[in-house]
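A short write-up of the structure that comes next.
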Amino acid sequence: MPQEQYAHRSAMQSSEGPQVYKVGIYGWRKRCLYFFVLLLMILILVNLAMTIWILKVMNFTIDGMGNLRITEKGLKLEGDSEFLKPLYAKEIRSRPGNPLYFQSARNVTVNILNEKTKVLTRLVTGPQAVEAHSQKFEVKSLSGKLLFSADDNEVVVGAERLRVLGAEGTVFPKSIETPSVRADPFKELRLESPTRSLVMEAPKGIEINAEAGNMEATCRTELRLESKDGEITLNAANIKLPRLPLASHSSTGSRQKIYELCVCSNGRLFLSQAGASSTCQINTSICS
C-alpha cells in the first residue's frame, strides 16, 4: 500500500473516533425469553394452587391426613378405612363405646405366625363357613371358666347344661359317657335306636326316674334287665303284665279271677289259675 493511502485512512479513523459494539439479546429472541419467563411463572402459580388445594382436600395437618391421626399411642383412624395390601399391627381396637367392623368382599383371614413366618393358627370367615385351624380350640366365659374345647383327642363341654334344639335330637354314632341325661322341665326324654340295639351300662348301677310322668321302654324283639351280682326291684303299688300266657288248667273247674305268677326254667313267665296249692308244676307244658 502506498504511504499516502495509509496516512489518509489513519487520518480518517482518528477523525471519526472509537467504535462501540452492543452485546445482548434483542428483537424476537428477547420477546421469546419474556414469554417463557411469564409461562414459567404461570406454571409455578398453578402448581402452588394445586398443592394448596390437595392439602385442603386431603385434610393434611401437623397431626396427620384425612381420617388418619398420629398420636402418642400410635395411629388413629376415624370413619371407614380400606387397606389394599397387608396390614401389620401389634394391636387393632375401636374407639371406646364403638364396635369394630371387618368387612370384605370374599373372606377375612387372621393368621398367627411364628418367628419363621410359619402359620400356627388361622381363622377364616368366608361366605360358606367359619373355619378355625389350630392345635386346640377353646371357648371360655368372662370369669375364665372353660365352656368348650376341642382338639385331636377329645371335645369337652364345660357348661353346666348341654341343650340340643334340633328337631331330630342328637345322634351319637358310637358310645357316650355322661353322669346324667335329663330333659327340660315339662318335656319328654327319649332314648331311641331305630335300627340297632340300645345298651346302657354302669359299674355301680343305672337309675331311671320319672318324677311327674310315665316311663316307657319299647323294643322290637327282646327287652333284658340283667343284674350280675345284685337284684332287680320293681317297687310299685300295681305291677301289670297284661300279655302273659295263661295256663288252661283249673283246680276248681269253675272260672275264677285269681291267678298265680309262675316262671319257667328258661325265664318265661306265665299265669296259672290259683288253687289250694301251687299249680305252676301242673302247667309246665307251657314252658316248652
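Exactly one residue out of 81, 14 is part of a helix (DSSP H, G or I) and modelled with pLDDT under 75: that is 14. Applying a threshold of 6 Å to beta carbon distances and a minimum spacing of six or more residues, or different chains, the list of pairs starting in region 123-145 at a residue that is under 17 Å from residue 102 (Cα atoms) and ending at one that is part of a loop (DSSP other than H, G, I, E, B) and at pLDDT 90 or above is empty. Screening residue 250 with (1) at pLDDT 80 or above; (2) in a loop (DSSP other than H, G, I, E, B); (3) touching a strand residue (DSSP E or B) at 6+ places or on another chain (Cβ under 6 Å); (4) of a type in the set (Gly, Ala, Ser) gives one miss only, at (1). A search for C-beta distances below 8 Å between a residue of region 96-110 that is under 16 Å from residue 80 (Cα atoms) and free of Cβ contacts under 8 Å to residues at least 40 places away in the same chain and any residue that is loosely packed, with under 10 Cβ neighbours inside 10 Å and of a type outside the set (A, V, I, L, M), counting only pairs 6+ apart in sequence or on different chains, returns 100/93.
With the condition being closer than 30 Å to residue 74 by Cβ and more than 16 Å from the chain's Cα centre (by Cα), I'd like the strands (runs of 3 or more DSSP E) fully within region 95-195 carrying at least 2 qualifying residues. So the answer is 108-113, 119-125.
Taking region 47-102, which residues are charged (D, E, K, R) and loosely packed, with under 10 Cβ neighbours inside 10 Å?
Within region 47-102, the first condition is being charged (D, E, K, R), and the residues that meet it are 56, 63, 69, 72-73, 76, 78, 80, 82, 85, 90-91, 93, 95.
Matches in region 47-102: 56, 72, 73, 80, 82, 85, 90, 91, 93.
So which residues in region 217-232 are open to solvent by less than 100 Å² (accessible area, probe 1.4 Å), of a type outside the set (Gly, Ala, Ser) and over 12 Å from residue 205 (Cα atoms)?
Going through region 217-232, the residues open to solvent by less than 100 Å² (accessible area, probe 1.4 Å) turn out to be 217, 219, 227, 230, 232.
Those still in the list that are of a type outside the set (Gly, Ala, Ser) too: 219, 232.
Of everything in region 217-232, just one residue is open to solvent by less than 100 Å² (accessible area, probe 1.4 Å), of a type outside the set (Gly, Ala, Ser) and over 12 Å from residue 205 (Cα atoms), namely 219.
The values are calculated or read from the model by the stated rules, or taken from the named source; none is laboratory data. Keep in mind that this is a model prediction, so the values were computed, not measured. Every residue, glycine as well, gets a Cβ built from its backbone with ideal geometry; the counts of neighbours run over all protein chains shown. Surface accessibility is based on the protein's heavy atoms, side chains included, excluding ligands, DNA and RNA. Shrake-Rupley method; radii C 1.70, N 1.55, O 1.52, S 1.80 Å.
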